[in-house]
Amino acid sequence: NTDNGKSEQTESKRAKCHITNGQIQSDALLPEITEQPKSKTFRLNSTEQLTLKVKAASKDGGTLSYQWYKAASPAAEGAAVTDADKAEYTFTPDTSAAGITYYYCLVTNTNNTVHGEQTANKKSAYAAIEVEQSYKVEFFVDGEGGTLTALHNGNPIKSGDYVKKGEKVKFIAAPKRRHIVKEWEGVTPEASIADKTYAILTVGTANAA
């Protein structure tokens, strides 16, 4: 520090090299993964496409190559996916049944200028691709005497949103002054509430209206 004349030093990581027959023996460096593939959830029988992405850099000027793998768990090695050898992999997931499939990318750095190991591999994080059994929930007010709010996990949802099988939607009717809830259709109001302003829907195996 030129202002106060003081200095401090720190040690770098130590580098290792082997000298054989006058040559420095060094290995290709592991690639650096700067962006991991992201998990995503799909609805049952969805036809939406998915693009998995990974970004990586070579720290020694080597050439990067990619191979995507499909696995049954976030610890399994899985199997290589055919024709999935780029940094981006676009496909239509199988959504015919509920479940979770995992994908990761094996990134390889190849450096032919070194005299040791000329390739180094690094796995990306596993991306969980979940297919959930969810169904559409539609709702409306019949009449002009109030409004209807639907809450899922405490958060408002819109008519036409999808909710996972077995989860609950709480409906809150807010009648205008001098109006009451006449009746509910498609859901049973809570028996303990005398004015019928609350109702709970447990999502089953079909769209609900």
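Quick notes
- Scanning the stretch 15-59 for residues that are among the hydrophobic types (A, V, I, L, M, F, W, C), within 19 Å of LYS70 (Cα to Cα) and in a loop (DSSP other than H, G, I, E, B) yields one hit, VAL54.
- Residue ID - nearest to TYR102 (Cα to Cα), chosen from residues in the stretch 60-86 that are in a strand (DSSP E or B) and out of contact with any Phe, Trp or Tyr (no Cβ under 9 Å at 6 or more places or on another chain): GLN67
- In summary, SER134 fulfils each of the numbered conditions (1) under 30 Å from GLY186 (Cα atoms); (2) open to solvent by 20 Å² or more (accessible area, probe 1.4 Å) with the single exception of condition (2).
- Subset tally (residues that are modelled with pLDDT of 95 or more and either in contact with a Leu (Cβ under 9 Å, 6 or more places away or on another chain) or surrounded by fewer than 11 Cβ atoms within 10 Å (Cβ to Cβ) (or both)) for the stretch 140-152: 1
- Number of residues in the stretch 66-92 that are small (Gly, Ala, Ser), within 16 Å of PRO37 (Cβ to Cβ) and open to solvent by 50 Å² or more (accessible area, probe 1.4 Å): the value is 1.
- LYS6, sole failed condition from (1) of a type outside the set (Asp, Glu); (2) in contact (Cβ under 8 Å) with a residue 60 or more places away in the chain; (3) exposed (fewer than 10 other Cβ atoms within 10 Å of the Cβ): (2)
- Filtered residue count, the stretch 66-92, keeping only those that are among the hydroxyl-bearing types (Ser, Thr, Tyr) and without any contact (Cβ under 8 Å) to a residue 12 or more places away in the chain: 1
- Enumeration of residues in the stretch 9-56 that are acidic (Asp, Glu) and either at pLDDT 95 or above or open to solvent by less than 100 Å² (accessible area, probe 1.4 Å) (or both): ASP27, GLU32, GLU35, GLU48
- A single member of THR63, THR108, THR95 is touching a residue at least 24 places away in the same chain (Cβ under 8 Å), farther than 30 Å from ASN207 by Cα, open to solvent by less than 40 Å² (accessible area, probe 1.4 Å) and not charged (D, E, K, R), and it is THR108.
- Whichever residue in the stretch 190-209 is in a strand (DSSP E or B) and open to solvent by less than 40 Å² (accessible area, probe 1.4 Å) and, among such residues, is nearest to LYS136 (Cα to Cα): ALA208
- Hits in the stretch 180-204 (condition: touching a Pro at 6+ places or on another chain (Cβ under 7 Å) and charged (D, E, K, R)): LYS196
- For the stretch 153-165, a residue qualifies if it is open to solvent by 50 Å² or more (accessible area, probe 1.4 Å) and more than 20 Å from the chain's Cα centre (by Cα), and the qualifying residues are GLY154, ASN155, PRO156, LYS158, SER159.
- Residue tally, condition polar (S, T, N, Q) and in contact (Cβ under 8 Å) with a residue 60 or more places away in the chain, over the stretch 134-149: 1
The values are calculated or read from the model by the stated rules, or taken from the named source; none is laboratory data. What you see is a predicted model, and the numbers here were worked out from it, not measured in a lab. Ideal geometry is used to build each Cβ from the backbone, glycine not excepted, and the neighbour counts take in all protein chains shown. Side chains are part of the model used for accessible areas, which takes the heavy atoms of the whole protein and leaves out ligands, DNA and RNA. Shrake-Rupley method; radii C 1.70, N 1.55, O 1.52, S 1.80 Å.
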